[in-house]
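Heads up: the structure comes next, in structure tokens.
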Ligand code: KG4
Ligand code: ZN
């Protein structure tokens, strides 16, 4: 069975085809990052307009030699995300569904991120713990089975990716700051600045990053002559504080739940220092740690097509809209 996935929740226009027998057989992602970088963040209306402009080209690239008439169903991100951007993906999905007379499945973007390591590593079995860290979300989730997700802890303020991006701005790095901070940190001393590790000692699994970001703000403000060396030290020390908090919380989650598999997902899962630190827990905790390939950490349609392939529908739906800016995992059904 072939499922065509469509992702337009933010600033990536992405389409992929997942075949139950052969996995991902076609995919294409167009990132709008360069356009938004000029404004220091995603401009929602520009994002919607650009999805309109690029989506047909992205579909053609994803299909390659695949005959569109062999697609069995369409899965698309219907939330959470930017409403205008989501509506472009939904309208396009509905048009294809009507033209090809095949069913349509609205998919939750967060579930896509959560399931992307399962797409790549079929040996992962539920239940497992997932650390979902992206630009909009930071949560530790107990994946009991597909469709049954319990949030064990989440950020009370900024998402991890958001903190990376804000610290990036403070250091005059291009948007989004995450990958630039990671690169800069390679040349810095992670112990040069003793930034706070918010909530590291709290007895729950919740997270907080705004105090850490504010601490970086005060540090930067008080430095009279900023140099590349100082920037690298700040980047490395900030990144280390984030990693210390996340590894400590993952350890607590594993100990409390007794789960033996851990996955990391979302854009921040691309951070190699974070991946390595969590991988290090394998021996000490006797667990297995998985993370997606770099291309499946950020937003992509392969994860949406995959989640769609686990479901099936007979609905050729073109008369209702399922788009939601907010769609908590707790409201998902199996
Ligand atoms: O999952 P994603 O592509 O989009 C959302 O759904 O939010 O995540 C984007 C976030 C951005 O905040 C970006 O700075 C962060 O992921 N990110 C990173 C790295 N690559 C992307 N953060 C830290 N280190 C990275 N290498
Ligand atoms: Zn995402």
(message) Out of 136, 112, 161, I need the residue that is in a loop (DSSP other than H, G, I, E, B), over 16 Å from residue 253 (Cβ atoms) and within 16 Å of ligand 2 (Cβ to nearest atom). Which one?
(response) 136
(request) Hey, can you tell me all the residues within the range 9-23 that are part of a strand (DSSP E or B), over 13 Å from residue 92 (Cβ atoms) and away from ligand 2 (no atom under 14 Å from the Cβ)? (result) 16, 17, 18, 19, 23
(request) With respect to residue 64, determine if the residue is in contact (Cβ under 8 Å) with a residue 40 or more places away in the chain and either within 21 Å of the chain's Cα centre (by Cα) or farther than 21 Å from residue 267 by Cα (or both). (result) no
(request) Kindly indicate which of 41, 81 is modelled with pLDDT under 95, assigned to a loop (DSSP other than H, G, I, E, B) and within 26 Å of residue 164 (Cβ to Cβ). (result) 41
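Residues are listed down the side, and each one gets a yes or a no for (1) touching a helix residue (DSSP H, G or I) at 6+ places or on another chain (Cβ under 8 Å); (2) within 16 Å of ligand 1 (Cβ to nearest atom); (3) without any contact (Cβ under 8 Å) to a residue 12 or more places away in the chain; (4) closer than 20 Å to residue 297 by Cβ:
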{"residue": "5", "(1), (2), (3), (4)": "yes, yes, no, yes"}
{"residue": "8", "(1), (2), (3), (4)": "yes, yes, no, yes"}
{"residue": "24", "(1), (2), (3), (4)": "yes, no, no, yes"}
{"residue": "36", "(1), (2), (3), (4)": "yes, yes, no, yes"}
{"residue": "41", "(1), (2), (3), (4)": "yes, yes, no, yes"}
{"residue": "53", "(1), (2), (3), (4)": "no, no, yes, no"}
{"residue": "76", "(1), (2), (3), (4)": "yes, yes, no, no"}
(message) I need the full set of residues from the range 247-272 which are more than 11 Å from ligand 1 (Cβ to nearest atom) and either under 16 Å from the mean Cα position of the chain (by Cα) or not in a helix (DSSP H, G or I) (or both), in order please.
(response) 258, 259, 260, 261, 262, 263, 264
(message) Kindly evaluate residue 94 against the criterion of being on the phi > 0 side of the Ramachandran plot, more than 16 Å from ligand 1 (Cβ to nearest atom) and either in the same structural domain as residue 300 (by TED's automatic domain parsing) or without any contact (Cβ under 8 Å) to a residue 24 or more places away in the chain (or both).
(response) no
(message) Quick test of your reading of the structure: residue 102 fulfils all but one of (1) within 13 Å of ligand 1 (Cβ to nearest atom); (2) outside any helix (DSSP H, G or I). Name the failing condition by number.
(response) (1)
(message) Which numbered condition in (1) outside the structural domain of residue 41 (by TED's automatic domain parsing); (2) outside any strand (DSSP E or B); (3) within 16 Å of ligand 1 (Cβ to nearest atom); (4) surrounded by 24 or more Cβ atoms within 10 Å (Cβ to Cβ) is the only one that residue 89 fails?
(response) (1)
(request) Please work out which residue is farthest from residue 308 (Cα to Cα), limiting yourself to the range 59-78 and to residues that are assigned to a loop (DSSP other than H, G, I, E, B) and touching a strand residue (DSSP E or B) at 6+ places or on another chain (Cβ under 6 Å). (result) 64
(request) Determine which single condition residue 175 fails, assuming it passes every other condition in (1) buried (at least 22 other Cβ atoms within 10 Å of the Cβ); (2) within 17 Å of the chain's Cα centre (by Cα). (result) (1)
(request) Would you be able to say whether some residue in the range 110-121 is within 18 Å of residue 278 (Cα to Cα), surrounded by fewer than 20 Cβ atoms within 10 Å (Cβ to Cβ) and in contact (Cβ under 8 Å) with a residue 60 or more places away in the chain? (result) yes
(request) Name, by its number, the condition in (1) out of contact with any strand residue (DSSP E or B) (no Cβ under 7 Å at 6 or more places or on another chain); (2) outside any helix (DSSP H, G or I) that does not hold for residue 3. (result) (1)
(request) Output the residues belonging to the range 141-161 that are within 16 Å of ligand 1 (Cβ to nearest atom) and farther than 19 Å from residue 79 by Cα. (result) 155, 157, 158, 160
(request) Examine the range 178-196 for a residue that is within 16 Å of ligand 2 (Cβ to nearest atom), over 30 Å from residue 68 (Cα atoms) and either surrounded by fewer than 23 Cβ atoms within 10 Å (Cβ to Cβ) or not assigned by TED's automatic domain parsing to the domain that holds residue 269 (or both), and state whether such a residue exists. (result) yes
(message) For the list (1) within 15 Å of ligand 1 (Cβ to nearest atom); (2) surrounded by fewer than 22 Cβ atoms within 10 Å (Cβ to Cβ); (3) in contact (Cβ under 8 Å) with a residue 24 or more places away in the chain, I need the number of the one condition that residue 298 fails.
(response) (2)
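The values are calculated or read from the model by the stated rules, or taken from the named source; none is laboratory data. Small disclaimer: the values here were computed from a predicted structure and weren't measured. Don't worry about glycine lacking a Cβ; one is built from the backbone with ideal geometry, like all the others, and counts go over all protein chains shown.
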